[in-house]
Every structure is written in structure tokens, then in C-alpha cells.
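Novice: Quick one: the structure is below, questions incoming.
The values are calculated or read from the model by the stated rules, or taken from the named source; none is laboratory data. No experiment lies behind these values; they were computed from the predicted model shown. In this analysis, Cβ positions are derived from the backbone assuming ideal geometry, glycine residues included, and neighbour counts consider all displayed protein chains. Remember, those area values only see protein heavy atoms, side chains included, never the ligands or the DNA or RNA. Shrake-Rupley method; radii C 1.70, N 1.55, O 1.52, S 1.80 Å.
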Amino acid sequence: MLKISKWTMLASFALALVLWLGFGGRAEYVASNGPYSPVVYLSGWIALLGLIAATALTVGFFGAQIRRTAARNAVRSGTRLGRGR
């Protein structure tokens, strides 16, 4: 899951940046008041996909850290996860 999120995030941001800067999305956005060409909208949606993937990556990373800490604390205190003393 984390590998998929990582590569999705990187590819999305790279593609959105290429569309935004390389194909005139930024220039059109700054110069025009709307409606915009599909390049502007597509780069925005792809960047949003990258943000969603980055959020999933962050939640997965910190969730794994919390699970490791909880398991380590359970071993140290001699209790099992999910059970009280």
C-alpha cells in the first residue's frame, strides 16, 4: 500500500507540474478569467490525486510507527495488545 501511494504521489506531482508549466496551464490561468482549457483543470485534478496519495502515505507511515510503539510497550509491560492489566 505504501509503495503504491509513494509512486502515485510522485507520478501525480510530476505529471501535474509538467502540465502546469510545460503545456501552458499556469500562463493561461494567470492571463485568463475563465473558462479555462482542459490543461488547467487536468493538472489541478492530478495534483489533488497526488495530495490524496500523500495523505494516505502519511497516515500509513505514522500508523505503522504507532503500531510498533504499541507492540514494544506491550512486550515491555508484559501485556497483550487490546487487553487491560
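Novice: Suppose every K and R has +1 on its Cβ and every D and E has -1 on its Cβ; what is the size of the dipole of the chain about the Cα centre, in Debye to the nearest 20? Working shown, then result.
Specialist: On the way: 10 positive and 1 negative charges, 218 e Å.
So the dipole magnitude of the chain works out to roughly 1040 debye.
Novice: Pick the calculated semi-axes √(5λ) of the Cα gyration tensor in Å for this structure from (1) 45, 11, 8; (2) 33, 18, 8; (3) 21, 15, 11?
Specialist: Read-out from the structure maps to (1).
Novice: Just the accessible area for Leu48, please: 1.4 Å probe, Å², rounded to the nearest 10?
Specialist: The accessible area of Leu48 comes to roughly 70 Å².
Novice: Turning to a different aspect of this structure: Computed FRET efficiency, Cβ-Cβ of Gln65 and Trp7, R0 30 Å: what is it to the nearest 0.05? Could you put the intermediate results ahead of the total?
Specialist: Details: r = 21 Å, r/R0 = 0.70.
Plugging the Cβ-Cβ distance into 1/(1 + (r/R0)^6) gives 0.90.
Novice: Another question, then. Which FRET efficiency value, to the nearest 0.05, do you get for Arg72 and Ile52 by plugging their Cβ-Cβ distance into 1/(1 + (r/R0)^6) with R0 = 30 Å?
Specialist: On the way: r = 31 Å, r/R0 = 1.02.
E between Arg72 and Ile52, to the nearest 0.05, is 0.45.
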